[in-house]
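A short write-up of the structure that comes next.
The values are calculated or read from the model by the stated rules, or taken from the named source; none is laboratory data. Remember, it's a predicted structure, so these values are computed and weren't measured experimentally. We place every Cβ from the backbone using ideal geometry, glycine too, and count neighbours over all the protein chains shown. When the accessible area is computed, the model is the full protein with side chains, heavy atoms only, and any ligands, DNA or RNA have been set aside. Shrake-Rupley method; radii C 1.70, N 1.55, O 1.52, S 1.80 Å.
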Amino acid sequence: MQNFGIGGSTPEIELEKITPLENCPEPIQKEEYKNRIQKVCKLMVENNVQAMYLNAGTNLLYFTGTHWHASERMVGVIILPNEEVHYIAPNFEIGTIKDFLEIEGKIHGWEEHESPHKLFLQILKENNITEGEIQFDETTPFSIIDSLLKEKHSFLFEKATEIIAACRMVKSSAEIAIIKHVMDITLEVQKAAAKILKIGITTKEVENFIHEAHKKYGVASGSYFCIVLFGKDSSFPHGVKNPKKLELNDIVLVDTGCQLHDYISDITRTYIFGEPNDLQRKIWNIEKETQQAAFDAAILGNSCGEIDDASRIVLEKHDLGPDYKLPGLPHRTGHGIGLDIHEYPYLLKGNTSKIEVGMTFSNEPMICVPNEFGVRLEDHIYITETGAKWYTEPAHSIKNPFGY
């Protein structure tokens, strides 16, 4: 077989070649967190929201720079429209919380036997908030909402999704620079992974290599996630329980990413190990055409739903689908990315959210052919004042995916 950059090397050789990419961007700076607080407070005032609660997780991180994983204990922040922030945490965690704060604010502690939900309402009362709409980020556990609903108060509780999404969907130049860097790293890892393939290699061996390659590129945590699929297994978008070993003329699907300065990469490449048959080549080329159509529809003023529509128009032209039927595209065309691997905006049928400067999302209109194979080409787009831009150069062909 004469494929370009697929097979012919070893993990040891490829790992030895790797050196970290130059010009690594800085993490998000304190001033940007302040700007985020200002923006969300402006939106709260415009929507007559009296306070917003962000639970531990990426929304807390996005607005305050505080790294904290959600658990059964209530840890979060109340943001008031006047830009004041009030943290809630167990008393024994306050010393640790202080080490993580980028946005300063009063920390309100509760002991293990006390109710953080009563404390929540007390904080509002102390700030002269006794009625009106209080919004909660959508990741807030039901247990917190349920406990607050059982307390005596005059508030209306609502989801903060619309306001939070309006902030997080629009990436700053600093965010785009970080995402671009991690995407570049993962594309190089994809290239290296293709070179180590050989008949009989297991998906676990490839996943282990990808993890080590991400580390060699300077990402201490290695892969954020990794999906490797061969042959028929590739027709299942997120994998199978017992993945097969690589055989000659198998389709290879590799979907992976890493995380640096809290931001995530996510790239999928699909290609042939050997010689493609007519169906494999045909579907790969349709996937390429479909991905380009989605990119072309990512126009300022268009809706996110129109991008998904553009994908399906191409597929139906080739007698695939319609809608989510197989052979065809069984899921949305793409998703936003940032601190979360899947976040707003979603390129989904009927999504009327308009494309804006700063939006960042995947373009991955996968084609699944049941009992045969699947082809997913996934690259990400960011929107500039002059239109859509690729973070990474899309795949070239089924036998030469990286354009050697």
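General observations
- Gained length - GLU151 relative to LYS389, 0.36 nm times residue gap less alpha-carbon distance: 80.7 nm
- Spatial extent of the stretch 24-163: Rg and Dmax, with the Cα atoms as the point set, Å: 14.3, 51
- Here the calculated FRET efficiency for LEU248 and ASN285, from their Cβ-Cβ distance with R0 = 25 Å, stands at 0.70, rounded to the nearest 0.05.
- Carbon plus sulfur fraction of accessible area for the chain, probe 1.4 Å, in percent: 50 percent
- Once the chain from ASN277 to GLU22 is taken as fully extended at 0.36 nm per residue, the excess over their C-alpha distance is 87.8 nm.
- All-pairs Cα distance distribution in the stretch 45-101, expressed in whole percent, bin size 5 Å: 4, 19, 30, 24, 13, 6, 3, 0
- The base-10 log of I(q)/I(0) for the chain, evaluated at q = 0.06, 0.08, 0.13 Å⁻¹, reads -0.28, -0.49, -1.09 [Debye formula, identical scatterers on Cα atoms, solvent excluded].
- Mean Kyte hydropathy of -0.5 or more with a Cα span along the axis of at least 30 Å, helices from DSSP in the chain: 173-195
- Two-site label geometry, LYS317 and ILE94: point separation in nm, points 7 Å out along Cα→Cβ: 6.4 nm
- Inverse mean reciprocal Cα-Cα distance (Kirkwood Rh) of the stretch 200-297, Å: 14.7 Å
- With 10 Å bins beginning at zero, the pair-distance distribution over Cα atoms of the stretch 160-255 amounts to 14, 37, 27, 17, 5, 0 %.
- Across the stretch 326-374, C-alpha contacts under 8 Å between residues 6 or more apart give a mean separation that, scaled by the residue count, equals a relative contact order of 49 percent.
- Where the stretch 190-304 is the region considered: accessible area per residue in Å², 1.4 Å probe: 39 Å²
- For the stretch 127-206 versus the stretch 1-76, the spacing of their alpha-carbon centroids is 8 Å.
- Links that overshoot a 28 Å alpha carbon limit, given the list LYS34/LYS216; LYS125/LYS150; LYS245/LYS389; LYS317/LYS354: LYS34/LYS216; LYS245/LYS389
- Net charge contributed by nearby residues that have their C-beta within less than 13 Å of ILE145 (K/R +1, D/E -1): -3
- The stretch 1-131, accessible area per residue, ligands and nucleic acids excluded (1.4 Å, Å²): 54 Å²
- For the stretch 1-105, the fraction of alpha-carbon pairs in successive 5 Å shells from zero, as %: 2, 10, 17, 16, 11, 8, 5, 6, 7, 6, 6, 4, 1, 0
- Placing R0 at 35 angstrom, the Cβ-Cβ distance between GLN292 and ASN47 gives a FRET efficiency of 0.35 after rounding to 0.05.
- Relative contact order (%) - criterion: Cα under 8 Å, at least six apart; region: the chain: 16 percent
- Added length on full extension, which subtracts the Cα-Cα distance from 0.36 nm per residue, HIS238 to GLU133: 33.9 nm
- Summing charges over neighbours of GLU316, with a neighbour being any other residue whose Cβ is under 12 Å away from its Cβ, gives 0 when K and R count +1 and D and E count -1.
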